[in-house]
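Shown next, in structure tokens, is the structure this report addresses.
The values are calculated or read from the model by the stated rules, or taken from the named source; none is laboratory data. All values derive from a computational prediction rather than experimental measurement. Quick reminder, even Gly has a Cβ in these numbers, built from the backbone with ideal geometry, and neighbours come from all protein chains shown. With ligands, DNA and RNA removed, areas are computed over all heavy atoms of the protein, side chains included. Shrake-Rupley method; radii C 1.70, N 1.55, O 1.52, S 1.80 Å.
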Amino acid sequence: MHVEDLLRLESLDLTLLWGEPPLLAREISGVTATDLEEPGRFLQPGEIVLSGLVWWSAADEQATADRFVAALRGAGAAALLAGEETHGRVPEVLVDACRRHGIALLSVPVHTSFRAITDTVYLRQWGDLSRRPAASSYALPENVRGELSRLLAEGADPATLLTRAVAHLGTPPCHLLSATGRTIARTPTARALSAAEASRQLASALRVDPEASPYGQWFLPLPREVEVPPRTLHEIAEVFAQ
């Protein structure tokens, strides 16, 4: 995934404040959210940096912005995604600092969460990998895969399959949604979703069967209460694709 890909996603509603074409073509290796004034030592090359700009203030504004962006440049960050919520806008001095140091700058509106951006990046990255890993690299434990195969053969309902698929993770709240946001199945710990909540979850959800028709698609949103490895989600999705 590249920086420019984020700008094409209507669900994120990001705005480009500065960035030349070569910078927007940079590949994204990961995501780090930070509000440290000098975050360089915590960053990896190729990461996009999400910041709510809590570190910034009008006092000594240019020097502060310069230090922050210089740290991003020194660490090899791919781009800065700055939230508008704290200050109501992205300060112009930050735009100038990004221009001087050659860091692409995108603004993040109040209605777009950093989690949505993070989920989008990692799901897109993992979506480029094979949906069927080698037998030696399964993420789901052997006993879980065996149980799911048995349940499929017995014609178990989606709720049972979903619950058993995530039981080894502590049965976190999970939903299986249709393309229209209808809840097809949910785990016992998952609460009912409103239409607005389901719509937001669909924006960063994993598509279960890419070959299905648009209205026949099912989606598996990322559980927000726990961290689930993307490969695990892909293997769970394969269960429902069958």
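Once a ≥ b ≥ c are taken as the square roots of the eigenvalues of the Cα gyration tensor of the range 138-183, is the result rounded (a/c under 1.5), prolate (a/b larger than b/c) or oblate (a/b not larger than b/c)? Mind dumping the intermediate values first?
Details: a/c = 2.32, a/b = 1.42, b/c = 1.64.
Here the range 138-183 falls in the oblate category.
Is the shape of the range 21-116 rounded, prolate or oblate, going by the alpha carbon gyration tensor and its root eigenvalues a ≥ b ≥ c, with a/c under 1.5 for rounded and a/b larger than b/c for prolate?
On the way: a/c = 1.44, a/b = 1.15, b/c = 1.25.
It comes out rounded by the Cα gyration axes.
Taking 0.36 nm per intervening residue step and subtracting the Cα-Cα distance, what contour gain separates H87 from A192 on full extension? Please report the intermediate quantities before stating the final value.
Values: separation 105, 0.36 × 105 = 37.80 nm, distance 3.40 nm.
In short, 34.4 nm is gained.
So how do 61-72, 144-155 stack up, highest first, on mean other-Cβ count within 10 Å?
Values: 61-72: 19.3, 144-155: 13.5.
Descending mean neighbour count gives 61-72, 144-155.
Whose amide H sits under 5 Å from the amide H of V108, counting only residues 5 or more places off or on another chain, with H placed in the peptide plane?
The list, which skips near neighbours in sequence, is A82, G83, E84.
With all protein chains present, calculate the accessible area of T163 using a 1.4 Å probe and round the result to the nearest 10 Å².
Around 30 Å² of this residue is reachable by solvent.
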